[in-house]
Structure formats: structure tokens, C-alpha cells
Amino acid sequence: MGEVVVTATRLPTALGDAPDARVIEDKEIALRQAVFAADVLRLIPGLAVSDNGAFGGATSVRIRGASSDKTLVVIDGMVQNDASQPSGGYDFGTLDLADIARVEVLSGPQGALWGSDAIGGVISLTTHEEDGARASLEAGSLGTVRGSAGIGRRSDDWALGASVSGFATDGISKADGFPELDGFAEWTAGLGGRARLSRAVSLDGRLRYAQSRVDIDGYAPPAFSFGDTPEYATSRSWTGYARATVAGPWGLVHTLTIDGYDLARASLGGAFPSAFKADRGDVRWLARKGAPSDRFGLAVGAERDATSATLSDGGRADLGDTSAFAVIRARLAAPLSLAASLRYDAPDRFAGRATARAGAVYDLGAGFALTGDWGQGFKTPTISQIACDFCFPPGPSSSLRPERAEGWDVGLRQRTSDGRFEASLTGFRLAVRDQISFGAGRYVNLDRTLSSGVEADASARLGRTITMKASYAYTDAVDRATGAQLPRVPRNAGSLSLLWAGRRLSGALTVRAEGDQADIDPSTFAPARRAGLVLADVAAGWRLSERVELTARVMNLADRHYQEALGYGEPGRMVLVGLRVRD
């Protein structure tokens, strides 16, 4: 394998110099036959993934115990968090991986790199640059059908490609144990290209469209008890960017990017229908110097971000932020690598704030390295929180303050000289102050949370074709005011995978386990515990020729009954077979 480079750090950095970064590339996604982003994020230590029922149920990701709205999501450098969602979080329930080439996760506060919303960390996804033609189709249990196709050409001077994917299933009941089937359908399309106009100037851009419809369950009148309802939710989003890159003097590479998204979602068919829209626009300039292998690297930039969203009464409100940042990476001596970043954000409605981050990697020899990171983060109140949408009595929340966070971690890493074995052990702590909560009918700064724990992962090549991967995380996340465990963050979680990539046979066997966790009973709204789970999945592909591969996968191999979130249904054993074709 070549050098793995992390791009979410703003300054492209070798994976070995980014202590809190983890990368999943398209080869592993293909071996696992993963369909949605949540399928692979569940295997990363320190990430807690929960969904409100399988197949399109609202899905959240919590990093190192921070609430899900503190996970910043980026696709091709474009922030995706929903400005019309009350806490500004991102729903992973419909994020299809068919056009995704890699997934990067930066754990810990990333305010100095990405500004607001990155208190827990950043999940950055990069789409494919198509080359040739590809297509896949699979079908199986619960009337499930999935298909994808892509076509394109690329060279050093230009590239042009398009892709489309879709998924549909009859599903199961979102409310666990009820007879009604809650279906789900989504499709995604993308178009991208680039062109080199001269030795110094190039242009690139991408447009991505996603649409989904999912049946959901809720609280039907007159009893308003949790169970089957005729409700359904729809969403539709456009995201895109255009970028110019100019190689300037002194080795500096300048980029100017304009990007944005337009999102519309609705909940219909129930007693309280609703519809919301949001849009975001961002203009960013970045200048950088230094390849990942260079002893010194520098990036400086400035950006203007503007968001707008509708409220429950149909009105609209907006937020904006202007910021500047700098990132430095240096190898001052043979065994020591340092990285630091500094950012200043000037939100339109709040006082300006500076955040910093610093990290180090010290080579101990014999393949061992000591790592450390410290970082700050913050999160401005959302449009809904500022307007105090759904509050009683109505009226804006004029006294809200941005949430603040500080975190650190220390780790030990080992990699053999032949690359056949890698392992890491990391201890972390994350404290959040002025966390915004909804209480007594209004949004207020009340909660203080603290999470600490240990993350461990290892990878070993057992032969020419077989790799074993293991991960484990212990996360103790508590509300410091009450001492209660934070919901939907299991203290213990881990996975073990065998991946094989032979000439004809390829695939993955994965066993994933979580301990019990604090949750909220959807029927009573009282604190409760969700039982632990142990699940096994297997996926395999048999290459019929250089271009054609037969695929099969079995999910929930032991046919266990389980819940990712208390009260919400998950499927039993599922079997799907398919075909993949590549030119």
C-alpha cells in the first residue's frame, strides 16, 4: 500500500503524523459490501452510532461521548450539518456509500480546523472520481433491492464522470414488535469534473443530489402511545462546489472554493405534519505549501459561511460566520513531528472566538511512537435555539452562549517495518461547558458534560490475502451536574473483522459487540437501559472474470433480536445476492 494521506486536516498530512485520524478507503468498503456510511462508522473505536429503527430511521453519530450535534460532517469539503434541525445535527440514515471513495474521521475537538460544530470531531467523506464504467445490482430479504452505476474518464489534464445509486426495501416496523412494515427508498446522483487550463491553473467541481422517503412510527391520537402510525418523512438535498486552483510563487498553491447546499425535509401523514428548508453557502480561500512527506508544511485560509433555515411558524432566519485559520506541520528533529492550528471565528450574532490545537508524534524506535493531542472547540447556538422555536412562552433566547469544549489524548502506536502489523492505544478526555439544553420550555445553558476513556485498534496481515482488524473503546460519558450517564453512548464497544482479498474470492466476516447503554424509553420518556448486543455479518464475492463478480452477504448471521436504540426495531437475518460489473 502507498502512503495514506489525510485531507480533512486542511493541510494534507500522512496518516502517521495525524494521531487522531482514521481512514477507511474504497477497497475496504467494497470488501465489506457496506451500503450506508453508518455500516463502517460503527467499526471505528470511540464512535457510537444509533438509529431510530433500521432502513432510514434517523441515525446519529457521537464521537468520544459528545452529543450527535457536535459531530461535523463534510462531503468533498462541504459542511453538511442540517441548519434547520433544532440542534444542527446530521442524519446519517440515508447517506449511501455507492459514490464514496474514502471516509476520514478526526476525533476530538477540531474547532481550530473547522470552527463551530466540531466539538466531538469531524467525519469527512470524499466522492469517487470515476474512471471507466461500473454497475452493481443486488436483491434479497424484505424485498430489498440496491443498484448503482458510474461512468467516466480521467487523465492528468481532465476528468469527467457521473454516478447514480438507489436502495429500496419493504422494511420492518420502526417501533419494535409491531406488524406494520415501514418501507424505505432513496437514490443519489452525482456529476463531477476537472480541467487543467495551464501548468499553473486548474478548475474542478461537483454536484450531488439525494432524495429519500422513509416510513416512520410515532404517537397516534387519541392515546398518543408509541407504535405504528401512517407517518412518513421525505428529504431532498442538492450540494455542490466549484473550485479554482492556482500554483503561485514561493511554492504556494492557492484555491478559491464556492460551495453550498439546499435541503428540504418534511414529516407527513401524522397528527402534526411539518416541513423545513435550509440552505448554506460558503466562500473559502486557502493557500498551502508542503507535501505530506516534506519536513515543513503550512496552510492559511479565510472563509465566509452563511446559513438560512425555516422555523416552525414558516418564517426564516439566518446565521453567518467569518473566519481565518492557519495550520503548521514540522519535523524539527529526526524523531519528533509537530502540528498546530489556530483559528479565529467572528459569528454575526456572537462575540468572536479563537480556538487552538496542537499535536505531536515522537518516534521511539523499533516501530513504536508516542502521540499526543490537545484541542479546543465551540458551537454557536443554532437558528432554532436562537429563535427559541417550539418554546413556551414564545420569544427569542437572547442570553444563550456558545458551547465550549477542551479535550486531550495521549497514545502509543506500533507498526512493524514490513507493515504487517499495526496497533494503537489512546486515552482521551473531553469536557464540554455551557452545553445547551431544552428545559422548562426554553433553551438554556445548563449542562456540563465530561467523557473519558480508552480507544484501541489493531490490524494484522495473516497471509498474502487475509487481514484481521480489531477495535475496542471504553467511553465513560456523564452529565457532570447529575452524574448520570449520557444517552446512547455504550461504555464498552468493539469489533473483530477478517478481510480477505484473493484472486477470485474476497469478502469480510465481522463480529460487533456493544454493552448496555443509557437511553430514553420512547413510550414513557423516562430514562432506561438498552440491552447490549452481539452481531455477526459476512460478505463474500466470487470473481467470475476480470470484469464480473458475484456477491452475497448475510446480515445478522445468528438471527438475533436486538435494538440499536431503545424501542426501535432492527431486522433479523437478511440474505442478499448480487452482481458487480466493471469495465
Worksheet item: Of everything in segment 54-70 that's over 18 Å from A21 (Cα atoms) and among the small types (G, A, S), which residue is surrounded by the most Cβ atoms within 10 Å (Cβ to Cβ)?
Response: G56
Worksheet item: Where residues in segment 71-90 are surrounded by fewer than 24 Cβ atoms within 10 Å (Cβ to Cβ) and over 23 Å from T257 (Cα atoms), which of them is farthest from the chain's Cα centre (by Cα)?
Response: P86
Worksheet item: Which of the residues spanning segment 204-249 are of a type in the set (A, V, I, L, M) and farther than 22 Å from E303 by Cα?
Response: A210, V214, I216, A220, A223, A233
Practice prompt. Starting from segment 104-128, keep only residues that are under 24 Å from T188 (Cβ atoms), then list their pairs with residues that are aromatic (F, W, Y) and part of a strand (DSSP E or B) whose Cβ atoms are within a distance under 6 Å, requiring at least 6 positions of separation or different chains.
Written response: none
Worksheet entry | Unmet criterion (only one of (1) touching a Ser or Thr at 6+ places or on another chain (Cβ under 9 Å); (2) closer than 30 Å to R404 by Cβ) for L125 | (1)
Fill in: Search result, residues across segment 1-38 that are at pLDDT below 95, part of a loop (DSSP other than H, G, I, E, B) and more than 14 Å from the chain's Cα centre (by Cα)
M1, G2, E3, V4, T7, T9, R10, L11, P12, A18, P19, D20
Practice prompt. For segment 316-344, enumerate the residues that are farther than 23 Å from A358 by Cβ and in contact with a helix residue (DSSP H, G or I) (Cβ under 8 Å, 6 or more places away or on another chain).
Written response: A317, D318, L319
Item to complete: Give segment 530-549 a look and list any residue that's acidic (D, E) and either surrounded by 14 or more Cβ atoms within 10 Å (Cβ to Cβ) or assigned to a strand (DSSP E or B) (or both), or say none.
Response: D537, E549
Response to the item:
Considering residues that are surrounded by fewer than 17 Cβ atoms within 10 Å (Cβ to Cβ) and closer than 18 Å to M78 by Cα, the number found within segment 319-349 is 3
Item to complete: Could you grab me the full set of residues in segment 480-509 that are aliphatic (A, V, I, L, M), part of a strand (DSSP E or B) and closer than 23 Å to V534 by Cβ?
Response: A493, L496, L498, L499, A508, L509
Discussion item. Being in contact (Cβ under 8 Å) with a residue 40 or more places away in the chain, surrounded by 18 or more Cβ atoms within 10 Å (Cβ to Cβ) and in a strand (DSSP E or B) is the filter here; which residues of segment 550-583 pass it?
Written reply: T551, R553, Y568, M574, L576, G578, R580
Discussion item. With the requirement that a residue be among the small types (G, A, S) and surrounded by fewer than 16 Cβ atoms within 10 Å (Cβ to Cβ), what does segment 221-265 give you?
Written reply: A223, S225, A242, A244, A247, G248, G251
Item to complete: Go through segment 278-319 residue by residue and tally those that are among the hydrophobic types (A, V, I, L, M, F, W, C), in a loop (DSSP other than H, G, I, E, B) and over 20 Å from H254 (Cβ atoms).
Response: 1
Fill in: Unmet criterion (only one of (1) of a type in the set (F, W, Y); (2) under 30 Å from D170 (Cα atoms); (3) without any contact (Cβ under 8 Å) to a residue 60 or more places away in the chain) for W285
(2)
Item to complete: Would you please list the contacts, defined by Cβ atoms under 7 Å and residues six or more apart or on different chains, that run from a residue in segment 442-463 that is farther than 12 Å from R429 by Cβ to a residue that is at pLDDT 90 or above and among the acidic types (D, E)?
Response: N445/D434; D447/D479; A458/E422; S459/E422
Item to complete: Name, by its number, the condition in (1) among the β-branched types (V, I, T); (2) touching a Pro at 6+ places or on another chain (Cβ under 9 Å); (3) over 19 Å from R316 (Cβ atoms) that does not hold for I386.
Response: (3)
Response to the item:
Per the filter on segment 514-529, residues touching a strand residue (DSSP E or B) at 6+ places or on another chain (Cβ under 6 Å) and part of a loop (DSSP other than H, G, I, E, B) are G515, D516, D521, P522, S523
Worksheet item: How about segment 155-168: which of its residues are part of a strand (DSSP E or B) and either among the charged types (D, E, K, R) or closer than 15 Å to A233 by Cα (or both)?
Response: A168
Item to complete: Could you grab the pairs with beta carbons closer than 6 Å, sequence gap of 6+ or different chains, first residue in segment 222-238 and touching a residue at least 24 places away in the same chain (Cβ under 8 Å), second one surrounded by 15 or more Cβ atoms within 10 Å (Cβ to Cβ) and of a type in the set (K, R)?
Response: T234/R213; S235/R265
Item to complete: Could you list all residues from segment 139-171 that are more than 25 Å from the chain's Cα centre (by Cα) and in contact (Cβ under 8 Å) with a residue 60 or more places away in the chain?
Response: A139, G140, S141, L142
Worksheet item: From the list P490, P522, P527, which one is surrounded by fewer than 18 Cβ atoms within 10 Å (Cβ to Cβ) and within 30 Å of V432 (Cβ to Cβ)?
Response: P527
Fill in: Verdict on T257 being touching a Leu at 6+ places or on another chain (Cβ under 6 Å), modelled with pLDDT of 95 or more and polar (S, T, N, Q)
no
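The values are calculated or read from the model by the stated rules, or taken from the named source; none is laboratory data. The structure displayed is predicted, hence computed values, not measured ones. All Cβ positions, even for glycine, are placed from backbone atoms using ideal geometry, and neighbour counts span all protein chains on display.
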